[in-house]
1. Among the residues of region 50-86, write down those that are at pLDDT below 95 and among the charged types (D, E, K, R).
2. For region 160-173, how many residues meet the condition of being in contact with a helix residue (DSSP H, G or I) (Cβ under 8 Å, 6 or more places away or on another chain) and of a type in the set (S, T, N, Q)?
3. Within region 230-253, how many residues turn out to be assigned to a helix (DSSP H, G or I) and of a type in the set (V, I, T)?
4. Here are the criteria: (1) at negative phi; (2) in the same structural domain as C50 (by TED's automatic domain parsing). Tell me which single one G161 does not satisfy.
5. Does N28 satisfy the criteria of being in the same structural domain as L145 (by TED's automatic domain parsing), exposed (fewer than 15 other Cβ atoms within 10 Å of the Cβ), out of contact with any Leu (no Cβ under 7 Å at 6 or more places or on another chain) and polar (S, T, N, Q)?
6. Of all residues in region 95-128, how many are outside any helix (DSSP H, G or I) and touching a Phe, Trp or Tyr at 6+ places or on another chain (Cβ under 8 Å)?
7. On the given criteria, is R256 surrounded by fewer than 17 Cβ atoms within 10 Å (Cβ to Cβ) and either aromatic (F, W, Y) or assigned to a helix (DSSP H, G or I) (or both)?
8. Which ones in region 111-120 are surrounded by 23 or more Cβ atoms within 10 Å (Cβ to Cβ) and in contact with an Asp or Glu (Cβ under 9 Å, 6 or more places away or on another chain)?
Amino acid sequence: MEDQFVRLDVTDHVALVTLDRPPVNALNRVMRRQLVATFDAISEREDIRCAVLTGAGKVFCAGADLKDRPNADVAGDFLDHNRITRETGNSIRECTKPVIAAINGAALGAGFGLAAACDILYASEEATVGMPEINVGLAGGASMLKTVFGRSTLRRMFFTGQRLTAQDLLKRNVIEDVLPSDRLLPVCLELAAEIASKAPLAIAYAKRAANMVDVMPQRDAYRFEQEFTVALSRTEDAREARMAFLEKRKPVFKGR
């Protein structure tokens, strides 16, 4: 039986996903497949409306496990390794539910890629991020850095492997806040609960719209958003939201 390196706990429509592979939550292929399966399940589960991703211990994720490199002598092994590496972050980015990163410590290389794939980012005072691949003779991750940093910072980090602190991230508007370690998870879970209280269909469309505006021209992206608005206006949840507002009560959403 395989070890379980990814924990999933669900309470009141909020999923807490915890990376748990001691000592530093380094990613091997087994753990990557568990992450993909976890976020695919979150996408389809009706009892989950928002997710929080964090790491067990004092490290968020130290990146790829260098002991789990593909075998060049096995045909297709590099392709398999690269495919699951790509899809690990994609499963978070493409998750139909918003994902909040609670970066509780170092998030390095592929570990920072996991955080960058999330929708909203918070960090503890001890958190640091970096792409240290260059220090082991490799190069990868510029596409992840590009989603959160400007051109100069991206290249400095990519070419040197230098780390940034949580305060550096806050100064660059990459994260929402820097929090004491004992406040990080409660704040993220509180925000997740607020998101989970919204109409589920509206949140699903909002996640799709947010992903689209990252890659589409503004004119085209807004056209798609308008189509989403039209579709949502015909849902039971939209009618319930309007009635609840008029009747000054809390809405009861059914996801349809």
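1. Going residue by residue through region 50-86, those that are at pLDDT below 95 are 63-86.
Within region 50-86, D65, K67, D68, R69, D73, D77, D80, R83, R86 qualify.
2. 2
3. Just the residues of region 230-253 that are assigned to a helix (DSSP H, G or I), to begin with: 230-233, 236-247.
Subsequent filtering for residues that are of a type in the set (V, I, T) retains 230.
Summing the residues that are assigned to a helix (DSSP H, G or I) and of a type in the set (V, I, T) in region 230-253 gives 1.
4. Unmet for G161, out of (1) at negative phi; (2) in the same structural domain as C50 (by TED's automatic domain parsing): (1).
5. Values: in the same structural domain as L145 (by TED's automatic domain parsing): yes; exposed (fewer than 15 other Cβ atoms within 10 Å of the Cβ): no; out of contact with any Leu (no Cβ under 7 Å at 6 or more places or on another chain): yes; polar (S, T, N, Q): yes.
Against the criterion (in the same structural domain as L145 (by TED's automatic domain parsing), exposed (fewer than 15 other Cβ atoms within 10 Å of the Cβ), out of contact with any Leu (no Cβ under 7 Å at 6 or more places or on another chain) and polar (S, T, N, Q)), N28 does not qualify.
6. The first filter runs over region 95-128 and keeps only residues outside any helix (DSSP H, G or I), leaving 95-109, 118-128.
Now restrict to residues that are touching a Phe, Trp or Tyr at 6+ places or on another chain (Cβ under 8 Å): 95, 99-107, 127.
Of the residues in that region, 11 qualify.
7. Values: surrounded by fewer than 17 Cβ atoms within 10 Å (Cβ to Cβ): yes; either aromatic (F, W, Y) or assigned to a helix (DSSP H, G or I) (or both): no.
For R256, the condition - surrounded by fewer than 17 Cβ atoms within 10 Å (Cβ to Cβ) and either aromatic (F, W, Y) or assigned to a helix (DSSP H, G or I) (or both) - is not met.
8. Initial filter on region 111-120 (surrounded by 23 or more Cβ atoms within 10 Å (Cβ to Cβ)): 111-116.
Answer for region 111-120, where residues must be surrounded by 23 or more Cβ atoms within 10 Å (Cβ to Cβ) and in contact with an Asp or Glu (Cβ under 9 Å, 6 or more places away or on another chain): there is none.
The values are calculated or read from the model by the stated rules, or taken from the named source; none is laboratory data. Note that the structure is predicted; figures quoted are calculated from it, not measured. Positions of Cβ are generated from backbone atoms using ideal geometry, with glycine treated the same way; all protein chains shown enter the neighbour counts.
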